[in-house]
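What follows is one structure encoded as structure tokens, with my remarks underneath.
Rule-based calculations on the coordinates, nothing more; no lab input. Quick caveat: nothing in here was measured; it's all calculated off a predicted structure. Counting neighbours? That spans all protein chains shown, and the Cβs are built from the backbone with ideal geometry, glycine included.
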Amino acid sequence: MKNVPSLQELKAQHKPIRRVNQEHKQSLSKLERLAVWITDHVGTMGFFLIIFSWTLLWLGWNSLGPKSARFDPYPAFVLWLFISNMIQIFLMPLLMIGQNLQSRHAELRAEADYEVNVHAEKEIETILMHLEHQNDQLLTIEKRIAERQ
């Protein structure tokens with residue numbers, strides 16, 4: 001046969017499948033896990049609704065609430081502008097860090113998929129070579145039978 005590896009040889013070459021998700025999770029520091037958590041949760045409708053509701057509450061209270069209880073009265077809203085800017089200043093780098101970590105995870109998954117595909121291609125090639133060999137053997141047997149008759 002044309003240097004076709006046996007099943008045992010294929011199994012010996014086979015590396016265990018990488019658990020990329022676990023590898024990635026274990027490689028993250030606590031701060032990186034926090035950044036990924038923030039990235040995962042800030043980009044949700046729930047977070048948007050919380051910020052939107054809080055803004056309406058803040059602006060509503062300081063516009064329509066009792067004058068003596070208003071802490072950031074209309075038209076200034078200076079404190080709200082400061083707090084919203086601080087939220088943006090802190091969230092932007094955290095989101096970028098989280099996206100970079102998620103990108104690194106996606107690259108690891110793609111690399112693992114590539115390894116699996118290469119391994120599958122080798123196995124398929126081996127199967128095809130075995131089938132070709134079996135076909136050659138069957139043709140040889142068929143010729144011998146035809147010659148005897």
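A few comments on the model shown:
- The single residue among Leu64, Leu57, Leu34 that is surrounded by 12 or more Cβ atoms within 10 Å (Cβ to Cβ) and not basic (Lys, Arg) turns out to be Leu34.
- Of residues in segment 112-149 being among the β-branched types (Val, Ile, Thr) and within 17 Å of Gln13 (Cα to Cα), the one surrounded by the most Cβ atoms within 10 Å (Cβ to Cβ): Thr126
- Residue match in segment 8-26 (condition: surrounded by 14 or more Cβ atoms within 10 Å (Cβ to Cβ) and under 30 Å from Asn135 (Cβ atoms)): yes
- Inside segment 65-111, residues that are touching a residue at least 24 places away in the same chain (Cβ under 8 Å), within 16 Å of Leu31 (Cβ to Cβ) and either in contact with a Cys (Cβ under 9 Å, 6 or more places away or on another chain) or hydrophobic (A, V, I, L, M, F, W, C) (or both) make up a count of 5.
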